[in-house]
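In what follows, a structure is listed as structure tokens, so that the remarks can point back to it.
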Amino acid sequence: MRILVVEDERALRSLLVQALREDGHAVDWSEEGEDALHKALGTAYDLILLDVMLPGKDGWEILATLRRERATPVLFLTARDTVDDRVRGLDLGADDYLVKPFALVELLARVRALGRRRQGSGNPTIQLGSAVIDTNLRSVLRGGEAVALTAREYAILELLLSRRGEVITKTEIYEHVFDEQDDSLSNLVEVHISHLRKKLGKELIQTRRGYGYRVPAEGETPTEADEAGQDAP
Ligand code: CA
């Protein structure tokens, strides 16, 4: 997922950014309210971790303004734990709420849960052809054998699975899988897709030339469509 971390405490922010990147996410960050709102409105993030007390604009203002334009999932991080605060956050449209100090493992579990909600399924296991994807462990088995995917390959697979049967454009893949620090070489997506097809079976990652890529919908029998593979280097 592409995640925006909004937190003005430097040590906590670094910890969150690093942990989320290690978990395979593309992560941008902001330490100030105006900048955070600008980023949140300008990019289709899959999730925003939003601190409440911030310089510039506070988390409440950011969420209220964001909700007029975008439904991006938001997980509030706050030092205060009062019923009023929780109600206010949820009323403004926050998707979840975590009180500081929190355990990193809990935060990561909630991020995964919000990711599953995005996929419209509470089930952590996804079947794709002969491949079984465990979204908790971020692991893939094919015919019972473990398949080693890089973090980026996994992130692309996860994005394709979040909208099974639909064609996802290269631009969307860039927006959701790479962050501001990534070098946007235009052939990168193709290289990752090519590796994924080799590892999972080329019939599972289909190329729609000039449009993008898709995985078969649930219940659809994957066939080696004639356009599959034409874009593979
Ligand atoms: Ca703060």
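Note on residue 202: lysines with a C-alpha under 24 Å away, same-chain residues under 8 apart excluded, are 170.
Could you tell me how many degrees, from 0 to 90 and to the nearest 10, lie between the Cα long axis of helix 188-200 and the main elongation axis, the longest principal axis, of the Cα atoms of the chain? Once rounded, the angle reads 60 degrees. Between helix 104-118 and the chain there is an angle of about 60 degrees, using the helix long axis and the longest principal axis of the Cα atoms.
Please say if region 2-119 is rounded, prolate or oblate, where rounded means a/c under 1.5 for a ≥ b ≥ c the square roots of the C-alpha gyration tensor eigenvalues, and otherwise the choice is prolate for a/b larger than b/c and oblate otherwise? Rounded, since a/c falls under 1.5. Highest mobility in the GNM of the chain, judged by mean-square fluctuation with C-alpha springs under 10 Å and restricted to 128, 15, 66, is found for 15.
Checking every one of the trypsin sites (Lys or Arg not before Pro) in region 33-116 against DSSP loop status and a limit of 13 other Cβ atoms within 10 Å picks out 68, 80. Descending by average beta-carbon neighbour count within 10 Å, the peptides 196-203, 167-174 line up as 196-203, 167-174, the highest first.
Among 219, 129, 115, the residue with the largest mean-square fluctuation in a Gaussian network model of the chain, with springs joining Cα atoms closer than 10 Å, is 219. Using r as the Cβ-Cβ distance of residue 137 and residue 68, and R0 as 30 Å, what FRET efficiency do you calculate, to the nearest 0.05? Taking R0 as 30 Å, the efficiency between residue 137 and residue 68 is 0.20.
The GluC sites (Glu not before Pro) of region 1-96 that DSSP puts in a loop, and whose beta carbon has at most 16 other beta carbons within 10 Å, are 9, 32, 69.
Need one word for region 125-228: rounded, prolate or oblate. Basis is the Cα gyration tensor (sqrt eigenvalues a ≥ b ≥ c); a/c below 1.5 gives rounded, then a/b vs b/c decides. Since a/c reaches 1.5 but b/c is at least a/b, the shape of region 125-228 is classed as oblate. Is the shape of the chain best called rounded, prolate or oblate, per the rule: a/c under 1.5 gives rounded, else a/b larger than b/c gives prolate, else oblate, with a ≥ b ≥ c the square roots of the Cα gyration tensor eigenvalues? It comes out prolate by the Cα gyration axes. Return the lysines within reach of residue 57: Cα separation strictly under 26 angstrom, same-chain partners fewer than 8 residues apart disregarded; answer none if there are no such residues. Reachable lysines: 39, 100.
Where only DSSP H runs of four or more residues are counted, the chain gives -12000 deg cm²/dmol as its mean residue ellipticity at 222 nm, each run worth -39500 (n - 2.57). Computed on region 125-228, with alpha-carbon pairs under 8 angstrom and 6+ residues apart, the relative contact order is 27 percent.
Relative contact order, percent, of the chain when contacts are C-alpha pairs under 8 Å separated by at least 6 residues?
Taking the mean separation of contacting Cα pairs over the length of the chain, I get 16 percent.
Straight-line cross-link partners of residue 199 among the aspartates and glutamates, defined as a Cα under 19 Å from its Cα and at least 8 positions apart when in the same chain: 134, 145, 153, 158, 190, 224, 227, 231. Compared with the dominant principal axis of the Cα atoms in the chain, helix 83-92 is inclined by about 50°. Look at where the Cα atoms of region 143-218 and of region 57-133 average out, and the two centres are 24 Å apart.
All of the numbers you see were taken from the coordinates with simple rules; none came from a lab. Because the structure is predicted, anything quoted here is derived from the model rather than measured. With ideal geometry, Cβ positions are generated from the backbone for all residues, glycine too; neighbour counts draw on all protein chains shown.
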